[in-house]
Ligand code: MOS
């Protein structure tokens, strides 16, 4: 037991260890890595959505003073693997989406590179493109699996028959928009190819996983992993878009190999990030709920239509959260994809759960209204005893506790259930609720080493800190496991020179890396006892999950919405979330994760949408001026609370992931609050004033 150390480690409200360096500007991000004689890379992008490059005129670019090289499909090195077509940069003349990279310029300065890129002449043979997602397309197909490895469809019982027999039903279509991850730090890489010996590639890359990035780049270039090093101490946000390397990393490495011995820097512009760095697919969700008069679900279905690119499949698991949320004897979830001439969609904060808890959680609100039942009560009434589908017991499930605690804190009991009856001046006021969930993921591979260095304990693991708090929380876990004060623990992360670590994705970081650190600490203590000599060292690796249990975090989100009676303007002055996510390692960094996720959910509810022009295949609002993200003035009071949850099954720390659950359910809570405020049910996001205004023309009461 290490109880005496606990007050000093896990659960303590410690400030971020990387905070001072970030505030002072001394924390180096990938693009700013100090390197001698660096050259700069700028991509040339296709301005057609589909076709073939017939002519590339690079003469004007090459003639420019300061241009070092122009990479084209003719001059760029052949990659060892082009299996991942998103990463097969400059390998052929085909254009699969607007904005795809067709050439790239390397120059002495970023300004010259950008100027030269504009001088590259490109002729195309254009072919008809198709970028429109619709549920009635005749080419929709069922993917083999949905992200990361779920069956595309699940069926239990007979939904159709149960819907026909149900006393009360809801059957509606809900849609979510195309969302962009938009971390503050753009996708950026500095690359250096050292030709000595067999050659060695170093990448300083803004990534959610140095080891996964190394593995991918080694495959693409046909290099032994030992000949690639990836370094990334700090990340200015990723939200999934840096979870797998995108083409920018391959381009930087290609350029470095074209100018051996000279480092090359590439930072995508904000506009380029809208084409090259992933995004969340739009979704069309047909949701069906059937219930008896007592509010017990008898049928539950979610049929999802979404898009992927023609060159690479990504199937968002939008129907998956509905597989575990509520009890119902008859249930169905399906996913159908349209492969379009669009950029490659990818992970974005809570892929699956985030869009997939919009339709169903609004549908639950609609069902509650039809039943004349409180929406909190309706959810409580449909709690499953075991995980639906698998039949496994939950390691812990405290959705009801979150709903009850949230209702009490939010003042839910004072709510008049009728819509459109509460006014404050020119504003209609309403409140809404929705549930959240996120699975406890554990990655299969991660190792940590713990070493005594003088009076300190040093833990090394190639983990990542995206701004999430890893620099601060891993020392807390190590200190707890070693039984030493946290001030004596130093953690080193973000470099493939440290032991292998999994991607910071699926909210799995603390579960996976933390488990490896605890194992390393156990081995260290077993070998050296409490008086380890200087240089004493031990390693440990994450073990497999205990798959007898269904493991998920849950939460409840409450929103207050104001709708202006004349303009239809929607404001959300108040959000309150209560989460049950196991043991909280550090309340300060945890609150930041919950509140950050909720803010992103608010932004999704009210503002964010990528507007694709079907004529050109172009996302026309591809910058921060036009793609609005909730800014300070859009965000009111946001409170995040959590229940003390003791879960002995999830991992040695008792923690569940918290990076993603905050964005789950928020948009549904806001939509439900907007309905309660003004009586308009907005089923397609974002909730803009044009969607509520027509109904406001017949004023209430
Ligand atoms: Mo997160 S979208 O799983 O990186």
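For region 526-568, the alpha-carbon coordinates run over 74, 33, 15 Å along the three principal axes, in decreasing order.
Expressed to the nearest 5 percent, the antiparallel share of DSSP beta bridges inside the chain is 75 percent.
The helix-based estimate of mean residue ellipticity at 222 nm for the chain, built from -39,500 (n - 2.57) per DSSP H run of four or more residues and divided by its residue count, is -7000 deg cm²/dmol to the nearest 500. Spherically averaged projected area of the convex hull of Cα atoms, region 339-403: 7.0 nm².
Overall, the ratio between the Cα radius of gyration of region 58-175 and 2.2 N^0.38 Å, rounded to two decimals, is 1.79. Normalised Debye scattering of region 115-181 at q = 0.14, 0.16, 0.23 Å⁻¹ gives log10 I(q)/I(0) of -0.87, -1.03, -1.23, counting only Cα atoms as equal scatterers and leaving out solvent. With a Förster radius of 25 Å applied to the beta-carbon distance between residue 165 and residue 377, the computed FRET efficiency rounds to 0.60. If you look at the Cα atoms of region 401-469, you get an Rg and a Dmax of 24.0, 68 Å. Rounded to whole Å, the principal axis extents of the Cα atoms in region 1-99 read 71, 35, 26, largest first. For the chain, the Kirkwood estimate of hydrodynamic radius, built from reciprocal distances between every pair of different alpha carbons, is 26.5 Å. Measuring max minus min along each principal axis, the C-alpha atoms of region 414-550 give extents of 71, 34, 27 Å (largest first). Computed log10 I(q)/I(0) for region 463-538 at 0.12, 0.17, 0.18 Å⁻¹: -0.33, -0.65, -0.73, from the Debye equation with unit scatterers placed on every C-alpha and solvent omitted.
When the P(r) of region 481-520 is calculated, the portion above 12 Å amounts to 66% of the C-alpha pairs. Placing dummy labels 7 Å off each Cα toward the beta-carbon, the span from residue 531 to residue 78 is 6.5 nm. Spin-label model, residue 646 to residue 421: label points 7 Å out along the Cα-to-beta-carbon direction sit 4.3 nm apart. Treating the Cα atoms of region 104-153 as identical point scatterers in vacuum, please give the log10 of the normalised Debye intensity I(q)/I(0) at q = 0.18, 0.30, 0.33 Å⁻¹, two decimals. For region 104-153 at q = 0.18, 0.30, 0.33 Å⁻¹, log10 I(q)/I(0) is -0.74, -1.09, -1.11. Region 650-697 and region 499-520 have Cα centres separated by 31 Å. Computed from the C-beta positions of residue 695 and residue 153, the FRET efficiency with R₀ = 35 Å rounds to 0.45. Tell me, what is the Rg over Rh of region 627-701, with Rh the Kirkwood radius over Cα pairs? For region 627-701, the value is 1.14.
A crude spin-label estimate for the pair residue 488 and residue 139, with each label 7 Å from Cα along the Cβ direction, gives 6.5 nm. Within region 232-259, find all residues whose amide N lies under 11 Å from a label point positioned 7 Å from the Cα of residue 22 along Cα-to-beta-carbon. From region 232-259, the list is 234-238.
Counting 0.36 nm for each residue step from residue 611 to residue 632 and taking away their Cα separation leaves a gain of 5.2 nm.
We did not get these values from a lab; they are worked out from the coordinates using the rules stated. Since the model is a prediction, treat every value here as computed from it, not as a measurement. Here Cβ is always computed from backbone atoms with ideal geometry, including for glycine, and neighbour counts include all displayed protein chains.
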